[in-house]
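These notes concern the structure reproduced below.
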Amino acid sequence: MKLSFWKILKITLQGKTTKMFFVLTVLSLSFSMAVILCNIGLMDGYEEILKSGLRQNTSDLEIQSSAGFFETNNEFLDLLNQAEIQNFSGVIRTEGFLVHNSKSKGVLIYGVEPSEFSKTSSLNLDLDSSKDGIIIGSEIAKDFKVKKGDSIIITFARGNKSMEEMPYVTEIPVLDVVKHGVYQKDSRLVYVHRTYLEEFTNSQGLVNSVLVKLDQFNDQEIESFVKKQEMNFFEYGFELRPYWSDFKSLFEAVEIEKFSITIILQLIVLIALFNIAAFINFNAIKKSQEFFLLRSLGLSFKSLYSFWARFIVLIWLLSCILSLFFTLVFDKIILKLPMFKIPSKVYELDSLGLSISFKSIVLVFLLTLFWSVISIFYIVTREKKKTILEGIKGQYV
């Protein structure tokens with residue numbers, strides 16, 4: 001006797017209780033898969049948003065010299081004379097303090113040439129070499145309670161050898177407030193015109209950092225370019241660093257955490273599969289008479305095993321589709337709630353979002369399918385040891 005899968009399925013799902021149990025089983029597995037997808041999505045989303053914030057307001061690469069200040073002479077320009085490099089901008093970086101209303105804060109001061117800097121960064125800095133002025137990060141403005149047009153005191157080393165122990169202190173107007181989207185930048189970076197900073201660091205014509213813009217490279221291409229060129233720059237005393245180098249240890253920690261949590265969360269998939277086994281047991285007991293009738297009419301064990309195998313795969317397929325829906329709900333609703341706002345000082349970002357690649361989705365689905373196949377093998381192996389008499393007694397599975 002042969003019956004199609006759909007006919008046996010119709011017999012299997014008869015009854016309100018059975019249908020409810022089936023729906024709950026699918027929901028259980030789909031929710032478990034969604035939790036794993038959201039975990040991967042949060043980790044990847046964190047990395048993507050942080051890298052996007054870093055790259056949006058800086059260049060692709062940064063070049064520094066072991067000698068400190070250096071001149072962008074012909075020898076250095078020859079190193080930059082490569083097809084992949086579009087633009088570059090010399091920058092003076094130094095540390096200092098901002099003071100306002102008896103409150104002080106250490107900051108990293110960037111001396112930039114706006115016309116050059118705009119070619120390597122998306123930040124539009126309204127700085128004029130003919131007048132003094134400073135642009136500060138949004139977190140600094142919030143911390144000091146200052147806004148555009150206010151004045152703030154800046155303190156840093158003058159750099160003149162005859163007065164090297166005497167810091168330079170001046171009051172300077174705030175020309176603008178910028179938001180980088182990364183807490184560390186918004187709370188530490190300030191910008192002045194390069195010629196203004198040259199005067200007080202005694203570095204006329206020299207820079208201590210060069211920002212480089214590549215030709216629309218993605219992160220893997222940037223990393224490959226650095227590995228290929230770092231020895232060439234190293235021979236001349238320069239270090240070539242990708243834009244995320246300051247956060248490299250953080251990104252490595254995120255990758256380790258993502259792997260560890262994904263492995264641990266496999267436990268909830270196993271629990272969901274126990275629900276599938278419980279449903280099959282419940283259904284077989286409840287439908288023992290129907291199954292025995294089918295057996296007595298000639299339905300083979302092989303056909304029945306084949307049905308349960310395809311039945312579990314059906315649950316897996318439905319759960320995969322539903323898990324994507326749950327993931328979408330999580331991204332669109334839950335992460336937007338104020339209670340899920342994360343502390344910027346700890347995570348560098350104010351909020352998170354999901355970013356799930358097709359590769360991650362396939363990986364989670366295949367892992368769940370692997371556990372499903374294990375459960376199929378377990379059920380089939382166990383049932384081979386049972387007799388028809390046990391089926392008559394209502395313990396068919």
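The values are calculated or read from the model by the stated rules, or taken from the named source; none is laboratory data. Predicted, not measured: the structure shown is a model, and the values here were computed from it. Please note: Cβ atoms are built from the backbone with ideal geometry, for glycine as well, and neighbour counts cover all protein chains shown.
So the values come out like this:
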item	result
Failed item, numbered, when Ser129 is tested on (1) among the polar types (S, T, N, Q); (2) under 30 Å from Asn218 (Cα atoms); (3) in a loop (DSSP other than H, G, I, E, B)	(2)
Out of Phe358, Phe311, sole residue that is modelled with pLDDT of 80 or more and loosely packed, with under 14 Cβ neighbours inside 10 Å	Phe358
Some residue of the stretch 332-355 being over 21 Å from His180 (Cα atoms), of a type outside the set (D, E, K, R) and modelled with pLDDT of 85 or more	no
Restricting the stretch 129-164 to residues that are touching a Pro at 6+ places or on another chain (Cβ under 8 Å) and at pLDDT below 90, the residue that is farthest from Asp60 (Cα to Cα)	Gly149
Only one of Lys105, Lys119 that is touching a residue at least 12 places away in the same chain (Cβ under 8 Å), of a type in the set (Lys, Arg) and touching a Leu at 6+ places or on another chain (Cβ under 6 Å)	Lys105
Filtered residue count, the stretch 36-68, keeping only those that are farther than 29 Å from Asp331 by Cα, in contact with an Asp or Glu (Cβ under 8 Å, 6 or more places away or on another chain) and surrounded by fewer than 20 Cβ atoms within 10 Å (Cβ to Cβ)	3
Of all residues in the stretch 85-100 being aliphatic (A, V, I, L, M) and over 19 Å from Ile63 (Cβ atoms), the one that is surrounded by the most Cβ atoms within 10 Å (Cβ to Cβ)	Leu98
Among residues of the stretch 200-225, those that are outside any strand (DSSP E or B) and either in contact with a Gly (Cβ under 9 Å, 6 or more places away or on another chain) or surrounded by 22 or more Cβ atoms within 10 Å (Cβ to Cβ) (or both), counted	6
Filtered residues of the stretch 165-206 (kept if among the charged types (D, E, K, R), closer than 20 Å to Lys145 by Cβ and touching a residue at least 40 places away in the same chain (Cβ under 8 Å))	Asp176, Lys179, Lys185, Asp186, Arg188
Answer from Leu24, Leu29, Leu61 - the residue that is closer than 30 Å to Gln229 by Cβ and of a type in the set (A, V, I, L, M, F, W, C)	Leu61
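Results for (1) more than 31 Å from the chain's Cα centre (by Cα); (2) within 27 Å of Glu235 (Cα to Cα); (3) of a type in the set (S, T, N, Q); (4) not assigned by TED's automatic domain parsing to the domain that holds Ser121, shown as yes or no for each residue.
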{"position": "Gly15", "(1), (2), (3), (4)": "yes, no, no, yes"}
{"position": "Phe21", "(1), (2), (3), (4)": "yes, no, no, yes"}
{"position": "Ser32", "(1), (2), (3), (4)": "no, no, yes, yes"}
{"position": "Ile36", "(1), (2), (3), (4)": "no, no, no, yes"}
{"position": "Asn39", "(1), (2), (3), (4)": "no, no, yes, yes"}
{"position": "Met43", "(1), (2), (3), (4)": "no, no, no, yes"}
{"position": "Glu48", "(1), (2), (3), (4)": "no, no, no, yes"}
{"position": "Gly68", "(1), (2), (3), (4)": "yes, yes, no, no"}
{"position": "Thr72", "(1), (2), (3), (4)": "yes, yes, yes, no"}
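Table: residues versus (1) of a type in the set (Val, Ile, Thr); (2) surrounded by 14 or more Cβ atoms within 10 Å (Cβ to Cβ).
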{"site": "Phe22", "(1), (2)": "no, yes"}
{"site": "Leu27", "(1), (2)": "no, yes"}
{"site": "Phe70", "(1), (2)": "no, yes"}
{"site": "Phe76", "(1), (2)": "no, yes"}
{"site": "Ala83", "(1), (2)": "no, no"}
{"site": "Ser102", "(1), (2)": "no, no"}
{"site": "Lys105", "(1), (2)": "no, yes"}
{"site": "Gly111", "(1), (2)": "no, yes"}
{"site": "Thr120", "(1), (2)": "yes, yes"}
